[in-house]
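As structure tokens, the structure follows; a few thoughts come after it.
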């Protein structure tokens, strides 16, 4: 069953705000926080698994492109499990090499099932270490 997305933090900002930047990609989009049923996100149908995942992230509102991206991430993960040992890691799927460093993919982080809060480049959970630091200063 597919249904509309609802973010628990959706009403954090003033009701009369009609636009904001996406919490993932930063693009500006129209958002109707005072009437979620009239928001652009209400037109997008997401799976229950995707909605459950998004509710557990640090994101507030996301643009439809990023919502669709997360739906595709959830669907890509179907039938996959988190690698239980290093021999199960698959280059291109779980990681790639950059300047002789392993960089874990968003799918890897998603399959892990939680955010480690280390500010990973491809964090699937919306954690941004620099935003936390700004709030501490």
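The values are calculated or read from the model by the stated rules, or taken from the named source; none is laboratory data. Just so we're clear, the structure is a prediction, and the values are computed from it rather than from any experiment. Quick reminder, even Gly has a Cβ in these numbers, built from the backbone with ideal geometry, and neighbours come from all protein chains shown.
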* Condition test on residue 58, is it in the same structural domain as residue 33 (by TED's automatic domain parsing) and assigned to a loop (DSSP other than H, G, I, E, B)? -> yes
* **Those residues of the range 80-96 which are touching a residue at least 24 places away in the same chain (Cβ under 8 Å) and either surrounded by fewer than 12 Cβ atoms within 10 Å (Cβ to Cβ) or not in a loop (DSSP other than H, G, I, E, B) (or both), in sequence order** => 81
* Give the number of residues within the range 1-55 that are modelled with pLDDT of 85 or more, under 26 Å from residue 113 (Cα atoms) and part of a loop (DSSP other than H, G, I, E, B). => 6
* Asked: Of all the residues that make up the range 61-79, how many are in a loop (DSSP other than H, G, I, E, B) and surrounded by 14 or more Cβ atoms within 10 Å (Cβ to Cβ)?
  -> 4
